[in-house]
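The values are calculated or read from the model by the stated rules, or taken from the named source; none is laboratory data. Quantities reported herein were computed from a predicted structural model and do not represent experimental measurements. As a convention, Cβ positions derive from the backbone with ideal geometry for all residues, glycine included, and neighbour counts pool all protein chains shown. SASA here: full protein model, heavy atoms, side chains in, ligands and nucleic acids out. Shrake-Rupley method; radii C 1.70, N 1.55, O 1.52, S 1.80 Å.
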Amino acid sequence: MLLRNILVASLIAAPAAAEEHAPQPAPTMRAEGCHPPAPDDGSWDGLGVLKGGKGYAPTPMGQVHYRLMGPADGPVLLLIHQTPWSLIEWADIQPCLAARGIRTLAVDTPGYGMSDAPEGKPSIQAYADNVVPVLDHLKLRRVAVAGHHTGAAVAAALAARHPDRVTGVVLHGAPNYNDAERAQRLAMPHPDLTLRPDGSHLSAYYAKLWKAQGVAPRNLATINWSTLNIFLAGASDVAHAAVYHNDMAGDLNRIAVPVLVLSDGGDALHQIDQRTGAMKPNFRYAKFSDGSAHSLLVEPARWSDTVGAFVKTLAR
């Protein structure tokens with residue numbers, strides 16, 4: 001536990017025929033209380049970005065760490081992170097959504113961040129079911145839900161299995177794999193987490209992400225977080241297998257509420273996102289960026305504009 005704490009401390013209508021782009025706000029727009037780092041800012045603030053709103057909820061998978069922020073009378077948006085991240089993914093987004101009148105609940109998926117590790121290897125559906133006790137603990141009856149990558153699969157499962165609790169869904173990077181794509185993902189090797197005296201277990205993973213996500217200065221921070229999060233998860237990093245085995249289409253076909261599918265041109269899931277956005281009349285697709293899967297982290301204020309506007313339509 002001491003080593004874990006030391007490491008932690010160091011540390012978004014019908015589908016359009018043509019590709020729709022998420023709205024671009026004026027460069028000078030900056031809501032009060034929303035001051036994320038600029039895309040060219042490579043500074044590192046560690047856990048100093050997580051100020052206020054944190055707590056724990058009891059669940060069948062153990063304690064779930066959460067951060068609740070924003071106006072008490074605002075519509076609530078549940079935020080579910082990608083694997084192997086933690087709620088740190090939403091650190092800059094939560095205050096921006098709060099400034100836009102949206103209350104947000106970000107959770108650490110069991111086994112990640114500071115939530116307890118689950119027993120065995122839960123399915124995506126089990127992860128989704130485990131969110132309900134958190135909502136109950138906080139007396140949140142109905143929420144919109146947004147998920148990124150693995151979080152998108154969990155968000156879809158939550159909306160499919162608990163439709164009375166969900167008002168709308170945002171899937172940013174939807175791992176809606178067909179049979180062939182699932183087989184391809186399952187065949188890929190898992191990162192080697194063996195600790196090495198020279199620290200190359202960290203640098204090798206970091207270098208792989210740097211090549212995949214690009215050399216934008218802000219990615220100095222986002223890739224650092226991803227690297228630290230996977231090593232904090234350690235043997236509890238089982239959500240990758242859950243999402244690669246998951247038939248997300250089954251959950252998507254059961255969702256009746258509005259769904260917004262967001263995508264990034266440089267994300268490996270981009271073509272799947274386009275396919276997913278055209279699945280049903282209640283699904284809408286928008287391209288968020290031409291960048292990598294970390295683009296929402298690089299542009300949290302613009303993501304908050306896009307997703308906040310969608311959530312407000314659900315509250316009417």
### Task
For residue 179 paired with residue 117, estimate the spin-label separation in nm (one decimal), with each label point 7 Å from Cα along the Cα-to-Cβ line.
3.5
#### Entry: Cβ charges +1 (Lys, Arg) and -1 (Asp, Glu), total dipole of the chain, debye
620
#### Entry: Largest-first ordering by accessible area, 1.4 Å probe, given options 141, 218
141, 218
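Given a Förster radius of 35 Å and the C-beta distance between residue 132 and residue 200 as r, what FRET efficiency does 1/(1 + (r/R0)^6) yield to the nearest 0.05?
Given R0 = 35 Å and the Cβ-Cβ separation, E is 0.25.
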### Query
Shape call for segment 116-226 from the C-alpha gyration tensor, a ≥ b ≥ c root eigenvalues: rounded (a/c under 1.5), prolate (a/b greater than b/c) or oblate?
prolate
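How do the peptides 225-238, 147-160, 183-196 rank, highest first, by the average count of neighbouring beta carbon atoms within 10 Å per residue? The partial results should precede the final answer.
On the way: 225-238: 19.5, 147-160: 27.9, 183-196: 10.8.
Put in order of decreasing packing, that is 147-160, 225-238, 183-196.
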### Message
Compute the distance from the alpha-carbon center of segment 46-109 to that of segment 297-316, in whole Å.
### Response
15
### Message
Let me check I've understood the local charge: for residue 294, count other residues with C-beta under 15 angstrom from its C-beta, Lys and Arg +1, Asp and Glu -1. What total comes out?
### Response
-4
### Total lysine pairs whose alpha carbons fall under 30 Å of each other in the chain (8 or more apart, or interchain)
13
### Query
Using a basic spin-label model with each label point 7 Å from the Cα along Cα→Cβ, how many nm lie between residue 235 and residue 73?
5.1
## Note on the structure
Under the rule rounded for a/c under 1.5, else prolate if a/b exceeds b/c, else oblate, using alpha carbon gyration tensor axes a ≥ b ≥ c, segment 138-191 is classed as prolate
### Query
Suppose R0 equals 30 Å; then what is the FRET efficiency for residue 164 and residue 309 from their Cβ-Cβ distance, rounded to the nearest 0.05?
0.75
## Note on the structure
Candidates for mean projected area of the Cα convex hull in nm² are (1) 25.6; (2) 15.3; (3) 13.5, and the calculated one carries label (2)
### Query
What residues qualify as long-range amide H neighbours of residue 83, i.e. H under 5 Å apart, gap of 5 or more or another chain, H built at 1.01 Å from N?
150, 151
